[in-house]
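To start, the structure itself, in structure tokens.
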Amino acid sequence: MAIENKFPGKDVSLEDLKTKFPLVAKKNNNHKSCFDISGVTFGSDLIPIFAGPNMVESKELILDIAQNVKSSGAHFLRGGAFKPLTFPYRSDKYKETRESGIEWLKIAKNEINIPVITEVMEEKYLPLVCEVADILQIGSRNMQNYPFITACAKTGKPIMLKRHYGSSLRDWLGAAEYILYEGNKNVILCERGVSVPHTHRETSRFLLDLQVVPAAQELTHLPIIVDPSHATFWRPWVKSMALASVASGADGIMLEVHPDPPNAAVDPLQPIDYKEFSDLISSMDAVAKTQERKVK
């Protein structure tokens, strides 16, 4: 489709909806995608929950977490084996588990019977990750890596596209168009916090943009989920922002869960523990019912 870029900008125009991302755009006000991934329906009254550690630290840990989050009501196990960090330096505690981590996710998936979402960072690892992942996660830093997005789309695997912390809604929807353009229709958008001049706490790098949930839902038929753990970067705020995310109309919630949050190998300030997660599931379900939806 050859289109002249007549109206560049950061906000979404009617021209954008017609010519820049016609596949992502709603056809009418009632247009909403509804699809099934590993027995879990997206775009319905169910609000799927993704839960697990930031990083897959060991086989024993991921098995324990998978069992606990599933028993509390999680629909998907999340966990990173290939983990991007902002800087190249690593602490003694941090060990990227890579191929071993993917194998441990596979074991947890099969033994606990829970579907898996994990991030893929490089095209060369796509075959390996696709063997295990029910959903491929494209992280924020790859959101506009269009050749990589295209390669992921061509696998046919469902994709979660995380919003870059500096991107506009227009940028985000444009990136999603690359996936749908390849015929891959099972696309989930994930809000994970944006960069702003201040974040209310020196350890919090991002601000959760909940306004983008209804804003995106006005324009696109794709499900919008929210990651309050990564956005707040602060455990005491996760519950309130998760509940607010459900109230905002989010179509799913992603949460970091760890049995010993202060000793998590990556980002120990933000995971919640098993009890907090179980309690939060019940609270989110109560809020969801006010929206005529459900978490469990």
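No lab work stands behind these numbers, since they all come straight from the coordinates. This structure is a prediction, so every number in the text was calculated from the model and none was measured. FYI the Cβ positions are ideal-geometry reconstructions off the backbone, even for glycines, and counts take in every protein chain you see.
What to note about this one:
- P(r) histogram, all alpha-carbon pairs of the range 153-296 included - 10 Å bins from 0, percent: 12, 38, 35, 15, 0
- Sorting the segments 160-171, 74-85, 106-117, 20-31 by their residues' average number of neighbouring beta-carbon atoms within 10 angstrom, most packed first, yields 74-85, 160-171, 106-117, 20-31.
- Here the extension length gained between Lys296 and His200 equals 31.3 nm, from 0.36 nm per residue of separation less the Cα-Cα distance.
- Reported label for calculated mean projected area of the Cα convex hull in nm² given [x] 14.8; [y] 17.3; [z] 15.9: [x]
- Packing here is the average count of other Cβ atoms within 10 Å per residue, and on that basis the peptides 209-218, 266-275, highest first, run 266-275, 209-218.
- The 3J(HN,Hα) values that the Karplus relation (6.51, -1.76, 1.60; θ = phi - 60°) gives for the range 284-296 are, in residue order, 5, 5, 5, 5, 4, 4, 5, 9, 6, 10, 8, 9, 9 Hz. Gly and Pro appear as x.
- Within the straight-line cut-off of under 30 Å between alpha carbons, the lysines reachable from Lys18 are Lys6, Lys10, Lys26, Lys27, Lys32, Lys154, Lys157, Lys162, Lys185, sequence neighbours fewer than 8 places apart in one chain being disregarded.
- Normalising the average separation of contacting C-alpha pairs (under 8 angstrom, six or more residues apart) by the number of residues puts the relative contact order of the chain at 20 percent.
- Neighbours of Leu105 by Cβ distance under 15 Å: Lys/Arg scored +1, Asp/Glu scored -1, total -2.
- Lys185 paired with Tyr125, simple spin-label distance in nm, labels 7 Å along Cα-to-beta-carbon: 3.1
- ³J(HN,Hα), Karplus 6.51/-1.76/1.60, whole Hz, each residue of the range 55-70, x for Gly, Pro: 10, 6, 7, 7, 5, 4, 5, 5, 5, 5, 5, 4, 4, 6, 5, 5
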